[in-house]
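> I am attaching a structure below and will ask some questions about it afterwards.
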Amino acid sequence: MAKGVKGPKGRKMTLNVAKNCIKITFDGRKRLDLSKMGITTFPKCILRLNDVDELDLSRNMIKKIPDSISKFQNLRWLDLHSNYIDKLPESIGQMTNLLYLNVCNNKLTTNGLPVELNQLKNIRTLNLGLNHLESVPTTLGALKELHEVGLFDNLLNSIPNSIGKLPKLKKLNTKRNPFPKEQESEIFLDSIKRLENVYLVEEKDLCGPCLKKCQQAREKLNRIKSITMTASRKPMFSSLVSPNSLAKELQEEWR
């Protein structure tokens, strides 16, 4: 920032204001919603409300997340998307109850991802899209409970095999990265193989409508796999990562 030029003046957050922003979710959890409040610095006063289950600081102008955020030991849901964060604190690894972490649309670089992320053993959704990541730590492969990973709109040339082989992974969004074409195709085929295993069930365990739905999904996967393995038609899927991706329907959610 040029000398003499003041940065944006953020809204002053007080404890009383924050208390009034606590909502009860439909399943009875306490959610502190401070999104779109014009906040420029992490409000220390909210550390006194560390018994909440969910914290939303998205769509603000926050540049730094302090180590003290680890005081939110009950937190299951943390949304920091659309800020100016370039680094996550090492203490985030202490928030072992986290199930959902969204840091999409920030200024994160590879060096801004602490190794301690691999301590989030219960996390199911991790969104790192729309950042400046040139690589992804292989240690994220230790997060065996991950169901969804967002890595779209970064600077990635490759994805660690440890992530592609996560046992419970259902959605891997890596669109709009500068991947070599060969690797992009390889990731796609690997996704199909993994998803086939997800859909394999015994007919006796399913009701009629569920069985029909699974059979239709299996047939769709087989058609996609057959087309993708035809070299002459590979360009048709040059940007497709996962055959059951919900990116189009849930684009706003992932951003």
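The values are calculated or read from the model by the stated rules, or taken from the named source; none is laboratory data. If you're wondering where the values come from, they're calculated on a predicted model, not measured in any experiment. All Cβ positions, glycine included, derive from the backbone under ideal geometry; neighbour counts span all protein chains shown. Just the protein is used for accessible areas: all its heavy atoms, side chains included, with ligands, DNA and RNA removed. Shrake-Rupley method; radii C 1.70, N 1.55, O 1.52, S 1.80 Å.
> Would you call N105 touching a residue at least 12 places away in the same chain (Cβ under 8 Å) and closer than 20 Å to V17 by Cβ?
no
> Is it the case that F42 is more than 30 Å from A142 (Cβ to Cβ) and aromatic (F, W, Y)?
For F42, the condition - more than 30 Å from A142 (Cβ to Cβ) and aromatic (F, W, Y) - is not met.
> Tell me, which strands (runs of 3 or more DSSP E) lie completely within segment 1-100 with 3 or more residues that are in contact with a Leu (Cβ under 6 Å, 6 or more places away or on another chain) and not charged (D, E, K, R)?
Working: elements: 22-24, 30-33, 54-56, 77-79.
Output list is empty.
> Out of E134, E116, report the one residue that is acidic (D, E) and either under 25 Å from P43 (Cβ atoms) or assigned to a strand (DSSP E or B) (or both).
E116
> Let me ask another. Pick from segment 152-171 the residues that are of a type in the set (A, V, I, L, M), open to solvent by less than 10 Å² (accessible area, probe 1.4 Å) and not in a helix (DSSP H, G or I): which of them is farthest from S135 (Cα to Cα)?
L169
> Just checking, how many residues over segment 1-32 are open to solvent by less than 100 Å² (accessible area, probe 1.4 Å), at pLDDT 85 or above and not acidic (D, E)?
Number satisfying all stated conditions: 13.
> When segment 124-165 is examined, which residues are found to be in contact (Cβ under 8 Å) with a residue 24 or more places away in the chain and among the aliphatic types (A, V, I, L, M)?
If the condition is that a residue be in contact (Cβ under 8 Å) with a residue 24 or more places away in the chain and among the aliphatic types (A, V, I, L, M), then L126, L128, L130, L133, V136, A142, L143, V149, L151, I159, I163 are the ones that fit.
> Is there a residue in segment 80-96 that is free of Cβ contacts under 8 Å to residues at least 40 places away in the same chain, open to solvent by 70 Å² or more (accessible area, probe 1.4 Å) and within 20 Å of N50 (Cα to Cα)?
Yes, that holds for at least one residue.
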